[in-house]
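Notes to accompany the following structure.
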């Protein structure tokens, strides 16, 4: 299927549609869509009640994607995520009953409340776009995106996400509290009903797949690739970082830069595309030293130091 309007107009209509529910957070919505167009997954880390679940539902509804929600709890089993084979007495064979992970947009709510074994059930799906159950591998639908939430202030009864899991999230974003005017608008919207119930799709899943294809075709100059590598390598040498970002982070920056260029109606990536998404794409992948954690150094501070220390190259268009 070919997109009937320009990618910029389609992405803008998606942002406007989602923003009728998620008030005053256009930048965060834009980042979530950049991750979707890049084929990545999003971790939303924020306090309760600011709209994390609503953002996931709004993205799914606006794109026309099949949406499933999983509430992660300590007793959740891996089979509750992936699905399981159940014996059918009528046929005498095992039938596969798909789990929520087989949807196009999957919300993993409070992901850090599940045990590490259950969290690991997501690794294959997020990294390889497939799940293996009882020796049978099943390909996940296109587009496919995991949106996970966690509340940073709730430490009791939680299991920290391991580095391998965090590295599979394309971005970590937060919504934050609304300002006073935005909060009044939210109250007005929800006085009689919830705007999510009136939300309609503005595109189809196949158009999202087409956007992903167009983003892949966006040109990135070797100098911008070198800029990405300088950023990622600098995180590995930063004194506050016990573990810098992986090569997967470099690939994510490249893909995110292409998607941001597409959003801005360009067929090439410039350094600002990389710089503007660097914190959201890289910060959660950094493991701080014990000394840095004791001094409450933030991962975002490490990224800011790295970006300040590296000179920005000149961008060139496709030749």
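The values are calculated or read from the model by the stated rules, or taken from the named source; none is laboratory data. As the structure is a prediction and not an experimental result, all values here were calculated from the model. Cβ sites come from the backbone with ideal geometry, for glycine too, and all protein chains shown count toward neighbours.
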Next item on the list: Could you tell me which residue of the range 251-284 is nearest to residue 234 (Cα to Cα), considering only residues that are assigned to a helix (DSSP H, G or I) and touching a strand residue (DSSP E or B) at 6+ places or on another chain (Cβ under 7 Å)?
Entry: 283
Notebook entry, point to check: Inside the range 58-106, counting only strands (runs of 3 or more DSSP E) that do not spill past its ends, which hold 1 or more residues that are under 20 Å from the mean Cα position of the chain (by Cα) and more than 19 Å from residue 139 (Cα to Cα)?
Noted result: 67-71
Check: Just to be sure, is residue 43 in a helix (DSSP H, G or I) and at pLDDT 90 or above?
Finding: no
Margin query: List the residue pairs whose Cβ atoms are under 9 Å apart, where the first residue sits in the range 128-154 and is on the phi > 0 side of the Ramachandran plot and surrounded by fewer than 19 Cβ atoms within 10 Å (Cβ to Cβ), the second is at pLDDT 90 or above and part of a strand (DSSP E or B), and the two are 6 or more positions apart or on different chains.
Written below: 129/139
Notebook entry, point to check: What number of residues in the range 107-127 are in a helix (DSSP H, G or I) and surrounded by fewer than 19 Cβ atoms within 10 Å (Cβ to Cβ)?
Noted result: 6
Item checked: Condition met for residue 29 (touching a helix residue (DSSP H, G or I) at 6+ places or on another chain (Cβ under 6 Å), free of Cβ contacts under 8 Å to residues at least 40 places away in the same chain, buried (at least 23 other Cβ atoms within 10 Å of the Cβ) and under 26 Å from residue 129 (Cβ atoms)) -> yes
